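Engineer: First the structure, then my questions, so here it is.
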Amino acid sequence: EAAVTQSPRSKVAVTGGKVTLSCHQTNNHDYMYWYRQDTGHGLRLIHYSYVADSTEKGDIPDGYKASRPSQENFSLILELASLSQTAVYFCASSAVGEQYFGPGTRLTVL
Amino acid sequence: GDSVTQTEGQVALSEEDFLTIHCNYSASGYPALFWYVQYPGEGPQFLFRASRDKEKGSSRGFEATYNKETTSFHLQKASVQESDSAVYYCALGPYTGNYKYVFGAGTRLKVIA
């Protein structure tokens, strides 16, 4: 069965600190995505990647970086965390078709 | 840019009621259309998809038909159960030259026993 895991599942960060969210998939999928979820906004795409060592900006990339060192791993980096980045973050992978989502990371920036 | 609009933010029904959640899309290409369901504390799960005009997708008693003319993909279920309580997302998928998915804002369904 397709599997996407995320770590950590929950994190509290301080304003201005660096945060790294990790995602690992065992689906052998080429495409990976990072979304944030906020009440009333659904899922918004931050960054995505269709091949290792390459990332693309999504719809809301400001304040975020992404890294895809291998087909299986995709990280989201907040270099200077801000209060407005408090949200739940989801990673997903796909081939051509439906996406498989991880369980999410709840990030609170204080 | 591409967009997905879900008309209802919240829907409250009794068990065995008929469900409709409206989804309309706007895209410059010919996307696949998806429905996902999200339970509390979990990531969204794929429900079903449709890839071409007039195609019906279905799963677990839910169904929707791709309508290119009205740019719609409305989710329906004939008789909802309490266990269907969740958030439902409509999404459009990648098409030629575009790797991105676009999600609607989601519709929270509460079914009362």
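The values are calculated or read from the model by the stated rules, or taken from the named source; none is laboratory data. This structure is a prediction, so every number in the text was calculated from the model and none was measured. A quick note on method: Cβ atoms are made from the backbone with ideal geometry, for glycine too, and the neighbour counts reach across all protein chains shown. Accessible surface is based on the protein model in full, side chains and every heavy atom, while ligands, DNA and RNA are left aside. Shrake-Rupley method; radii C 1.70, N 1.55, O 1.52, S 1.80 Å.
Engineer: Just to be sure I understand: if you take the accessible area of chain A alone plus chain B alone and subtract the pair, with a 1.4 Å probe, what total do you get in Å², rounded to 100?
Structural biologist: 1600
Engineer: Quick one: plug the Kirkwood hydrodynamic radius of segment B:1-42 (C-alpha pairs) into Stokes-Einstein at 4 °C, 1.567 mPa s, and report D in µm²/s.
Structural biologist: Estimated via Stokes-Einstein, D reaches 100 µm²/s.
Engineer: Follow-up. Per-residue HN-Hα couplings for segment A:19-28, Karplus 6.51 cos²θ - 1.76 cosθ + 1.60 at θ = phi - 60°, whole Hz, x for Gly and Pro?
Structural biologist: Each residue of segment A:19-28 in turn: 10, 10, 10, 10, 9, 9, 10, 10, 8, 6 Hz.
Engineer: As an exercise, identify the trypsin sites (Lys or Arg not before Pro) in segment B:14-84 lying in DSSP coil whose Cβ has no more than 15 other Cβ atoms within 10 Å.
Structural biologist: B:Arg52, B:Lys54, B:Arg60, B:Lys68
Engineer: Also, I was wondering about something else. Need one word for chain B: rounded, prolate or oblate. Basis is the Cα gyration tensor (sqrt eigenvalues a ≥ b ≥ c); a/c below 1.5 gives rounded, then a/b vs b/c decides.
Structural biologist: Cα axes put chain B in the prolate bin.
Engineer: What accessible area per residue, rounded to a whole number of Å², is obtained for the protein assembly as shown using a probe radius of 1.4 Å?
Structural biologist: 47
Engineer: Using θ = phi - 60° and the Karplus relation 6.51 cos²θ - 1.76 cosθ + 1.60, list the HN-Hα couplings for segment B:13-27 in order, rounded to whole Hz, with x at every Gly or Pro.
Structural biologist: 9, 9, 4, 6, 6, 8, 10, 9, 10, 8, 9, 10, 10, 9, 8
Engineer: In addition: At 7 Å along Cα-to-Cβ for each site, give me the label-to-label distance between A:Ser70 and B:Lys56 in nm.
Structural biologist: Spacing of the two 7 Å Cα→Cβ label points: 4.5 nm.
Engineer: Round to a whole number: what % of the accessible area of chain A belongs to carbon and sulfur, probe 1.4 Å?
Structural biologist: 50
Engineer: Whole-Hz ³J(HN,Hα) for each residue in segment B:68-74, computed from phi via Karplus 6.51 cos²θ - 1.76 cosθ + 1.60 with θ = phi - 60°, x for glycine and proline: what do you get?
Structural biologist: 6, 5, 9, 6, 9, 7, 6
Engineer: Let me ask you something else. Rg and Dmax of segment A:28-77, using alpha carbons, in Å: what are they?
Structural biologist: Taking only Cα atoms of segment A:28-77, I get Rg and Dmax of 10.9, 33 Å.
Engineer: I've got another one for you. So how compact is segment A:57-110: Cα radius of gyration and Dmax in angstrom?
Structural biologist: Computed over the Cα atoms of segment A:57-110, radius of gyration and Dmax are 12.4, 39 Å.
Engineer: Suppose we compare each residue of segment B:41-82 in its chain alone and in the full protein complex with a 1.4 Å probe; which ones drop by at least 30 Å² of accessible area?
Structural biologist: B:Gly43, B:Pro44, B:Phe46, B:Arg49
Engineer: Could you tell me what percent of the accessible area of segment B:36-113 is made up of carbon and sulfur, with a 1.4 Å probe and every protein chain present?
Structural biologist: It is 47 percent, rounded to a whole number.
Engineer: Which residues' amide hydrogens lie under 5 Å from the amide hydrogen of B:Glu55, considering only partners 5 or more residues apart or on another chain, with H built in the peptide plane?
Structural biologist: B:Tyr66
Engineer: Let me ask you something else. If we restrict to alpha carbons, what Rg and Dmax does chain A come to, in Å?
Structural biologist: So, for chain A, Rg and Dmax equal 12.9, 39 Å respectively.
Engineer: Now for a separate question. Apply the Debye scattering formula to the protein assembly as shown, with a single equal point scatterer on each alpha-carbon and no solvent, then give log10 I(q)/I(0) at q = 0.10 Å⁻¹.
Structural biologist: Debye curve over Cα of the protein assembly as shown, log10 I(q)/I(0) at q = 0.10 Å⁻¹: -0.44.
Engineer: Residues with beta-carbon under 12 Å from that of B:Glu55, excluding B:Glu55: net charge, scoring Lys, Arg +1 and Asp, Glu -1?
Structural biologist: With Lys, Arg at +1 and Asp, Glu at -1, the net is +3.
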